[in-house]
Each structure stands twice: as structure tokens, then as C-alpha cells.
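Take a look at the structure set out below.
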Ligand code: BGC
Ligand code: CA
């Protein structure tokens, strides 16, 4: 197998997490992810291993894509609070968002870019978190999900933490990021 590529240099100091919790299927596309922060913004990297890329489905979660889940207060609530978000970026850089009653309110927090690389794709995202003050020690509810499409169907899905497959409904099984200087 191809050795995993190193992260772009700016990301190297951030610890790497991996998606290994299967919520659909038991193999397929996976990601290595890193997070950085500055001011009110969380910066996210996902390096996805997926040799066969498709956006054929009309449903964005059935297209090859990465989802970042962010809960600024780490409330671990059932359901989504107003500032909790499911931020999705496809391998071609198309964005979509889900979560709270008014996803449009949080969708504006996301800026992202993606590029196809040998063996997969790389996503970089910036998520503004205006409802909290980010500082050394801040805890954020957080998860990463990779949706693996084959043609028009999703054939695999894997997360960092949530094992229920309900991360798009409930924030309580996401993991936790602790911000560090
Ligand atoms: C889930 C899908 C869900 C979609 C809604 C995805 O993360 O895996 O089951 O329908 O989100 O946005
Ligand atoms: Ca795929």
C-alpha cells in the first residue's frame, strides 16, 4: 500500500486523529485529521484515502465527502443547539451543512477548499465559532465522518468517535477537542 502522505507543513505541529469507528460497512475511505485554532476560528485538515471518487448521488452525504461536527460549548446534548453544526465538504470542495433547526445560521461559519491527490483527496476548512471564546484549555465537542461513495450509493461511513450513526441528530456521542497554545 501507498505510504500515507505527510500533512502540509503548517499542520505538522497539530496532533493527528484517525477515523476508525465504522457506522456503515467495515472498510472503505478513511481520514487522518488535524485541528488548529486562532482567534475565533477552528482550522481543520482531513487527508482522505479513497481511490474512487463520486458525486453521483443527489444527497450530499452519499457523495465522497468529509463531515466535521463542532459543538462550541461541548454540551453533549441530545439534539443540536443553535450553534452546533455538521459541516460537510465534498472531494470537489462543495459545502453543505446540517444540524440545528436553522442550518443556514451556522452554514455561514464554514469556508473550505478541497483537492484531489493520488489515492484520495485533501480537505481544509475554517469554521468560525462566534458564540464562544477560544482559549488555552477550551473544550469543543468534535467529530469527523468520512462518507465513501461508490457510484450513486454510499458504501461506507466511518467516524472518529460517534459509533451510533446518529451524529447528524445528536451531539452527545461526539468526541472532545482540547485547545492548546
Ligand atoms: C448521516 C446521514 C444523514 C445525513 C444528513 C450524515 O452524516 O450519515 O445518515 O442522512 O448526515 O445530513
Ligand atoms: Ca469513494
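Picking from residues in the stretch 13-23 that are at pLDDT 95 or above and over 15 Å from the mean Cα position of the chain (by Cα), the one that is farthest from residue 36 (Cα to Cα) is 15. Within the stretch 151-177, if we keep just the residues that are buried (at least 18 other Cβ atoms within 10 Å of the Cβ) and assigned to a strand (DSSP E or B), the residue that is nearest to ligand 1 (Cβ to nearest atom) turns out to be 157. Here residue 135 does not qualify as outside any strand (DSSP E or B), under 21 Å from residue 170 (Cβ atoms) and over 14 Å from the mean Cα position of the chain (by Cα).
The values are calculated or read from the model by the stated rules, or taken from the named source; none is laboratory data. Values in this document were obtained by computation on a predicted structure and should not be read as measured data. FYI the Cβ positions are ideal-geometry reconstructions off the backbone, even for glycines, and counts take in every protein chain you see.
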